[in-house]
There are 2 protein chains.
Amino acid sequence: MAKLTGKVLIAQGGGPTAVINQSLVGAVLESRKFFEVTRVYGATNGVRGIINEDFLDLSQETTHNLEQVAMTPSSALLSTRDKPDDAYCREIFKVCQAHDVRYFFYIGGNDSADTVRIVNSNAEGAGYDMRCIHIPKTVDNDLVINDHTPGFGSAARYVAQAFMGYNLDNRALPGVFIGIVMGRNAGFLTASATLGRKYEDDGPHHVYVPERPFSEEQFLGDVKATMEKHGRCLVAVSEGVMDKDGKPFMIRLSGSSEADAHGNLQLSGSGALGDMLSDLVKEKLKIKRVRADTLGYAQRSYLGVVSDVDAHEAREVGEKAAQFAIWHDQDGSITIQRTGNYSVDYRLVALEEIAAKTKRMPKEFLSLAGNDTTWDFYNYGRPLLGSGFPNVHRIRAPKVARILKNGK
Amino acid sequence: MAKLTGKVLIAQGGGPTAVINQSLVGAVLESRKFFEVTRVYGATNGVRGIINEDFLDLSQETTHNLEQVAMTPSSALLSTRDKPDDAYCREIFKVCQAHDVRYFFYIGGNDSADTVRIVNSNAEGAGYDMRCIHIPKTVDNDLVINDHTPGFGSAARYVAQAFMGYNLDNRALPGVFIGIVMGRNAGFLTASATLGRKYEDDGPHHVYVPERPFSEEQFLGDVKATMEKHGRCLVAVSEGVMDKDGKPFMIRLSGSSEADAHGNLQLSGSGALGDMLSDLVKEKLKIKRVRADTLGYAQRSYLGVVSDVDAHEAREVGEKAAQFAIWHDQDGSITIQRTGNYSVDYRLVALEEIAAKTKRMPKEFLSLAGNDTTWDFYNYGRPLLGSGFPNVHRIRAPKVARILKNGK
């Protein structure tokens, strides 16, 4: 087994999650155990911090504070939306070489995996011995090969608990409620809105995800039918729902076009989609009480709603990165594999298997009409929410006979 | 001491809160201890359920299930937005008389207190012996005489934790973040966004509440100054902010005019205000990354974020209602008085002292410029968030010297 001596460099990319610092701390603490590791550096602001050489010496951070940081949501090393091209990745590699970085760990989604892949091929091309590992995270849960990804479970728990509350609120003051959930290409998080349903008439009564074409007609028909059945209707809609031509519904309705460096349209941080769907229901179905909430950044950053299962796994993928790279001298992307109900193990796969690819929900997670989840999804998603998931209860007292309006 | 024998009738009005069922269960369980109480009825859908005689016999509900219901947010007896006029209140009184209701407890805000007042005067006018008690609840915290009201502490905790997360997210991916918080006339809940600040540069950096006129110029100036200072800016804005003529900013910008039976403009359940402020910042300050989230119904209904202090007090105001009415044969509104740091006691005041009046934030809770909170507010609000409030931590590792960009 090769024993490559040098520094470890860690960075965090893309959107924060509730447990991304668990992965950071897992990788740092595990790395610090190895004799071969001369220093553990953390780059601030992701890849941008690397090319700017903005490094913190995490070898000099206390274990105790790192443990506290692990329990704090959102990227402790800060993040970036920069998407490095080949030239940018060459810069990253040069900085690694200059600082004698021999182990590079980048925590992020499929764009980050792609960055790690390019940096790795630069190192190989230059004959510089360096191990590069991608550590997965994403609230969207859209990395291929992975059963699920760290960050998703806590976001799903936040969403499920939010909809449990919306459902109770909507039951007390009936009407139509539309909740807009994060998810550009994959509907896992939106589908999670159904994981807290308990009673037969509990909402969300319908979910609309990017995996199925969104049709105004179906949506309005569903809302109308549920209003007739329950006198109220809750729906969960992915921010990324598309029409049958694959065009985001948001663009169609708004003409909005703000895009980030990854070419992604801005879908979050605005209430536009919810408000448009709300107007649609008011106009077409003549329903007065229609409300739309866009769940927003709280889904990935809310402080205090964390799945313990998610936190443990996020910690472990960080630890595994250090073990695969330093003990086993391997490059790749850490993936989570489900091995029981509920247990997982981790497998290293080639970076190109994950990089820039998107996983979507399998068809068995959605009902035939595409507007609800199935028990398959429930069995998939429920363990990821972790322990101590809250419960709701109803009064079951008998009705009293009327006196003044007897018989009415 | 009079010993009035007959039924207890309880109902819940207005918007739900996280702890409103604690008050319900407190009143039910305490009432069931009294020999004079022949039955405890709960009206479904607030006052509407009373005129429709939609009663559940809560005497026949198990104590154990009631305890479970107490921990479930949102009105278990369901609610209504009906605002009874004199004729409506006469109907309520007639139903009470027909069912031999001798104790009427209504849980709600200042509109509900007004309903209780009118029903009470109907009973007095008819010489019908009946005790009427208003049990306070409101997330807005806007009942006069009360130090604070049940429901506020949990909503404030939800808001504080949300902004702690937004702050971390905004720190990782800098830009302008605007959070729109519930609060039509009173800014307590918006001000609570500041209760989780820890480090000197933590946001929200500014708050805008209905107590102070909202000026576009001040707002844009504040955002600009904070962007220059910290490279990022978080603000919390009350949905009810008004211009200097007392006109809601929302109307001025949108021309929106949907009002409920109380004459209240619809401010919640739409992302319009946030989106408009976001556009304003983009246009006037030429800042690209501007995001707005409207916190929405989660503030009053989110499942799983409850202040234990709030829950205890909500329980006690329910119990006190039964004690004041049944033991002490009194009518009135239960109020919370602060008696220490931190302790409270309850005092019964005349219904007309609370009914249809609105409390606003005292001036010492706001900075001179009106765009931030003070330590007075912190000392007022912090105990209400309860125990186990989460904390955040940062990495404090030393910086590494640059090699390639040495000196830059």
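No lab work stands behind these numbers, since they all come straight from the coordinates. Just so you know, these numbers come straight off a predicted model, no measurement behind them. Quick reminder, even Gly has a Cβ in these numbers, built from the backbone with ideal geometry, and neighbours come from all protein chains shown.
Values as computed for the structure displayed
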item	result
Partner chain coverage, peptide A:385-398 - average Cβ within 10 angstrom	6
Selected from A:11, A:160, A:98 as most flexible by GNM, with chain A as the system and alpha-carbon contacts under 10 Å	A:98
Relative contact order [Cα under 8 Å, 6+ residues apart], region A:24-68, whole percent	35 percent
Tail weight of P(r) past 47 Å, computed on alpha-carbon pairs of the protein assembly as shown, percent	24 percent
Cβ-Cβ FRET estimate between residue B:330 and residue B:244, R0 fixed at 45 Å, reported to 0.05	0.55
Over region B:142-238, relative contact order from alpha-carbon pairs under 8 Å, at least 6 apart, %	35 percent
Spatially proximal lysines relative to residue A:83 (Cα-Cα < 20 Å; intrachain offsets below 8 disregarded)	A:94, A:137, A:357, A:359, B:288
Summed side-chain charge close to residue B:115 - residues other than residue B:115 whose Cβ falls under 11 Å, Lys, Arg +1, Asp, Glu -1	-3
Chain A - Debye-derived log10 I(q)/I(0), Cα point model, q = 0.12 Å⁻¹	-0.92
Estimated FRET transfer efficiency (residue B:403, residue A:396; beta-carbon r; R0 51 Å; 0.05)	0.15
Computed helical MRE - 222 nm, chain A, DSSP H runs ≥ 4 contributing -39500 (n - 2.57), nearest 500	-10500 deg cm²/dmol
Ascending list, in nanometres, of distances separating the residue A:100 label from those of the other copies (7 Å, Cα toward Cβ)	9.2
Gaussian network model of chain B, Cα within-10 Å springs - most flexible of B:84, B:362, B:150	B:362
At 7 Å out from Cα toward Cβ: residue B:3 inter-copy label distances (nm, ascending)	9.0
Total formal charge among the other residues, if their Cβ is under 12 angstrom from that of residue A:142, Lys/Arg +1 and Asp/Glu -1	+2
For chain A, built as a Gaussian network whose Cα springs stay under 10 Å, the top-fluctuating residue of A:148, A:230, A:393	A:393
Surrounding net charge for residue A:29, when Lys and Arg each add one and Asp and Glu each subtract one, Cβ distance under 13 Å	-1
Shielding by other protein chains, A:59-66, mean Cβ within 10 Å	3
Inter-chain shielding of A:69-75 (mean C-beta neighbours from other protein chains, 10 Å cut-off)	6
C-alpha center-to-center spacing [region A:122-173, region B:200-226] in angstrom	33 Å
For region B:16-158, alpha-carbon Rg over 2.2 N^0.38 Å	1.02
Packing rank of A:12-21, B:336-345, B:86-95, where each peptide gets the mean count of other beta carbons within 10 Å, highest leading	A:12-21, B:86-95, B:336-345
Closest approach to the A/B rotation axis among chain A Cβ atoms, residue and whole-Å value	A:271, 1
Relative contact order, percent, chain B [alpha-carbon distance under 8 Å, six or more residues apart]	22 percent
For residue A:244, inter-copy label distances in nm, listed shortest first [label point 7 Å out on the Cα-Cβ vector]	5.7
C-alpha center-to-center spacing [region A:330-408, region A:293-318] in angstrom	15 Å
Normalised per residue, the volume of the convex hull around the Cα set of region A:165-223 (Å³)	90 Å³
